Amino acid sequence: MAPVRSSPDGSGPARRAGRAVGRALHLPFTGTARGIRRVTHAHGAGESGLGRLIELHAINGAGDVMITVALASTVFFSVPTDEARGRVALYLAITMAPFTLLAPVIGPLLDRLPHGRRAAMACAMLTRAVLAVTMSGAVATGGLELYPAALGVLVASKAYGVVRSAVVPRLLPAGFSLVKANSRVTLAGLLATGLAAPVGAALHTIGPAWPLYGACAIFVWGTFAAFQLPHKVDEAKGERRARLSTHEPHSKRPGLRTVSRPVLCGLLANAAMRVLSGFLIFFLAFLLREQPLGGQSAAVSLGIVGASAGIGNACGTAVGAWLRARAPEAIVASVLSATLVVTILAALVFSGPFMAVLAGTAGFCQALAKLSLDAMIQRDVPEAVRTSAFARSETLLQMAWVLGGGIGIALPLNGVLGMAVASVVVALGTAVALRGLLTTRHPRGSTKSSPAGV
């Protein structure tokens, strides 16, 4: 009997079966990758380059959360509460305090590098990859050498955030508002963070250094992905440094008051929300160790509150991409007022479960407030200096978060006192937001400058 031969084109039964098995093995990965690419490149984002920035920000979020998991297990969870407070205070002193001094320099420094934005983002990724490996040797012991490296990671992360904010306006697809673009970028980062967090926890079960190894691999990937952004990211045609001075239009002192009063008030209101965010992260982290939710462990309690904040932030971002409005000042005032009501209730009827409600509310309102600030900058700041304005405003918001974290670690673990302090912070932000709403000056005879969405 003659042997069975494959056809001349190599499509015999064995080869066909091999290709079928290969396709079956690759389908979960290639299918998922194609699905993600379709989502990130939808509505013209692929042609404009925004899709690649969305993917880069997802990589950034995944890498950052890996480092967060590694540091949290060393600085916070591995020691008793009193010692953990000392370690976190030391962490803030060695990392946050110098960052507070460096943060005002980051925006203006990057403002001078309009032709090297892709390189700046790649350097921020590569720096964190190297520092993750550096920290891997000290993460198990929590030695002092861990903290300078953590400071470097923090500075590089915030530098990336400043450049990313300045890059978004360069990659807007036709018909896209800046708010919608920022919503997509932010939502991608949040989703990547949620997916990478359990992976980091699983790696930690292998060893305390393994999440850092994972972070290194992710940031190396991000280094190459940064150079995949379009070349127009590095173009600076028509751009000028923003002269955001205090009173006079020709003043040499950089500030934020001559852009417009609504932008200034919106920025200060957002700063209050960032102070609240930093405060809640550190204050509740220690409070829930002593007073867990419903008899749960400290880790589970923190997970519930963290999940509430993350879900709230993601919902706020999604609502911001969907909601259409002509008055972002009204939205800022509304979300600050809503947050104030919840913080006051938390102070009056303090309870563990209510902390999850507060975290979710704060996350939701912070996301909407930030998107509304983006809309005001888009509306009131000339395009020629808009990227500079984004860089400087982002720096101020990061400094506000640092301030809130410092307050959270300094306060005694008294829930009512903590919520009272949070109420004062939000009340100040609400007052500023209402002032911005009452003094809004819309452009005369023009509808083009209205925000496309909030």
Pull up the stretch 312-366, narrow it to residues that are outside any helix (DSSP H, G or I), open to solvent by 50 Å² or more (accessible area, probe 1.4 Å) and more than 21 Å from LEU267 (Cα to Cα), then point me to the one that is modelled with the highest pLDDT. VAL349
Pairs where the first residue, in the stretch 274-291, is in contact (Cβ under 8 Å) with a residue 40 or more places away in the chain and the second is basic (Lys, Arg) and assigned to a helix (DSSP H, G or I), C-beta under 8 Å, 6+ apart: PHE286/ARG85
Just give me the residues in the stretch 189-231 being open to solvent by 60 Å² or more (accessible area, probe 1.4 Å) and either closer than 25 Å to ALA119 by Cβ or in the same structural domain as GLY310 (by the TED database) (or both), in sequence order. ALA217, TRP221, PHE224, PHE227, GLN228, HIS231
In the stretch 145-195, what count of residues is obtained for those that are under 26 Å from ALA70 (Cβ atoms) and either touching a residue at least 12 places away in the same chain (Cβ under 8 Å) or in contact with a His (Cβ under 7 Å, 6 or more places away or on another chain) (or both)? 30
Please indicate, with yes or no, whether at least one residue in the stretch 433-453 is at pLDDT 85 or above, closer than 13 Å to ALA271 by Cα and assigned to a helix (DSSP H, G or I). yes
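The values are calculated or read from the model by the stated rules, or taken from the named source; none is laboratory data. Remember, it's a predicted structure, so these values are computed and weren't measured experimentally. Note that each Cβ is placed from the backbone with ideal geometry, even for glycine, and that neighbours are counted across all protein chains shown. Surface accessibility is based on the protein's heavy atoms, side chains included, excluding ligands, DNA and RNA. Shrake-Rupley method; radii C 1.70, N 1.55, O 1.52, S 1.80 Å.
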